[in-house]
1. Take the stretch 190-208 and flag every residue that is in contact with a Ser or Thr (Cβ under 8 Å, 6 or more places away or on another chain) and either touching a residue at least 40 places away in the same chain (Cβ under 8 Å) or of a type in the set (A, V, I, L, M, F, W, C) (or both).
2. Output the residue which, of all residues in the stretch 316-342 that are out of contact with any His (no Cβ under 8 Å at 6 or more places or on another chain) and charged (D, E, K, R), is farthest from Asn63 (Cα to Cα).
3. Out of the strands (runs of 3 or more DSSP E) lying entirely within the stretch 99-203, which hold 3 or more residues that are of a type outside the set (Asp, Glu) and under 17 Å from the mean Cα position of the chain (by Cα)?
4. Pairs please, first residue from the stretch 89-109 and in contact (Cβ under 8 Å) with a residue 60 or more places away in the chain and under 18 Å from Ala71 (Cα atoms), second anywhere and part of a strand (DSSP E or B) and open to solvent by less than 10 Å² (accessible area, probe 1.4 Å), Cβ atoms under 9 Å, 6+ apart in sequence or on different chains.
5. Just give me the residues in the stretch 217-238 being open to solvent by less than 40 Å² (accessible area, probe 1.4 Å) and over 22 Å from Lys264 (Cα atoms), in sequence order.
Amino acid sequence: MKKKVTIRDVAKYAGVSRTTVSYVVNGVNKISEETREKVFQAIKDLQYQPDFTAISLTKKKSNIIGVVLPASNDSLAPIFKQNHYYNEILAGLEYVFRKQNYDLLFSALREPEDCKNWVIKRNLDGLIFLNQFPENLYLEMKNLDIPIVLADCYEKHANQYHNIKIDDELGGYLATKHLIARGHTHISFVGHDLTNISIDMKRFYGYKKALEEAGLTVDENLLFDGRGSYFDIGYEMGLKLLGIEKKTTAIFACSDILAVGIIKALSEQGKEIPKDYSIVGYDDIVLSNYSLPSLTTIRQDVFNKGVICAQTLINTIETKTLELKNITLPIELVVRNSTRDL
């Protein structure tokens with residue numbers, strides 16, 4: 001087995017001290033350019049791999065960012081397998097952090113004490129929370145001196161951190177208004193979790209506002225709570241829609257992935273979209289343009305949201321700025337083939 005090359009080996013090969021090699025590896029400006037090049041050449045020739053754990057302890061900087069996502073049974077597997085929204089926002093994060101030489105570490109939403117220990121153990125430079133930032137977690141995190149960026153958080157304590165979001169209520173309003181404009185008066189609302197997810201509640205408020213503006217009332221029989229944002233749950237909600245006594249002609253789903261699952265369930269039961277049901281999703285993930293039929297949806301640039309979250313966190317880490325950013329990104333209705341006039 002090949003012996004691991006050490007900093008002592010590099011120093012001997014380059015004819016310099018171990019301290020000099022350490023300065024080069026850590027980017028300390030205390031040596032000449034000629035000596036620096038000599039050390040770099042030695043590192044290349046010997047294929048030396050620096051101990052980044054030791055470097056991070058020395059510099060008190062690990063170049064690792066923690067990303068916390070909502071979980072299902074403490075596992076991220078269902079999110080990565082069935083919810084393309086997170087794939088797109090994580091792609092935006094990775095795009096920026098990779099260019100800035102930061103690595104990403106993912107975690108499921110966990111108990112506050114566990115989260116704190118994870119941050120300390122991994123020596124994380126910053127945190128990004130996607131969609132949820134519960135108060136008990138906030139109370140624990142505020143005791144840690146670490147930059148945090150939130151995405152789509154509406155809790156009161158969210159104003160203590162950078163927050164990148166969209167106008168979710170407006171999106172719910174536009175989606176429902178579009179269906180009303182096409183002649184629909186019996187419109188079902190399908191959410192992920194109205195009890196625990198503030199985004200859903202905002203979208204529901206928009207749904208309710210559009211109905212009331214049109215002189216329509218909210219019918220509780222047309223409200224469905226999926227308790228999760230996965231294709232399988234959308235499919236299950238589609239079957240439930242078929243089982244209600246009161247006829248619904250249109251559906252507003254709180255995410256594209258729910259909408260696609262609903263379409264699958266209805267189609268398998270002999271229903272045609274949009275002939276039998278018009279349906280509007282939310283997010284405009286890539287999948288929505290390729291579903292059959294293509295999905296009318298509320299577009300947000302999910303990839304760009306990830307980019308802005310990453311840029312905001314890097315700026316905070318590098319400049320140590322204290323000015324908080326609360327950014328609301330634009331949305332728009334995109335009309336495709338899943339809706340029609342009644």
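The values are calculated or read from the model by the stated rules, or taken from the named source; none is laboratory data. Treat the numbers as computed from the prediction; the structure is a model and nothing was measured. Cβ: placed from backbone, ideal geometry, glycine included. Neighbour counts: every protein chain shown. For the accessible areas, the whole protein counts, side chains as well, though only heavy atoms, and no ligand, DNA or RNA atoms are used. Shrake-Rupley method; radii C 1.70, N 1.55, O 1.52, S 1.80 Å.
1. His192, Tyr207
2. Filtering first and then ranking leaves Asp341.
3. Working: elements: 103-108, 126-130, 148-151, 162-166, 187-191.
Output list reads 103-108, 126-130, 148-151, 162-166.
4. Hits for this filter: Ile89/Leu130; Ile89/Ala151; Leu90/Val67; Leu90/Leu69; Leu90/Leu130.
5. Asp219
Every residue, every condition in (1) touching a residue at least 60 places away in the same chain (Cβ under 8 Å); (2) more than 25 Å from Lys325 (Cβ to Cβ); (3) open to solvent by less than 40 Å² (accessible area, probe 1.4 Å); (4) assigned to a strand (DSSP E or B), yes or no:
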| position | (1), (2), (3), (4) |
| --- | --- |
| Phe252 | yes, yes, yes, yes |
| Ala259 | yes, yes, yes, no |
| Leu266 | no, yes, yes, no |
| Lys271 | no, yes, no, no |
| Lys275 | yes, yes, no, no |
| Ser288 | no, yes, yes, no |
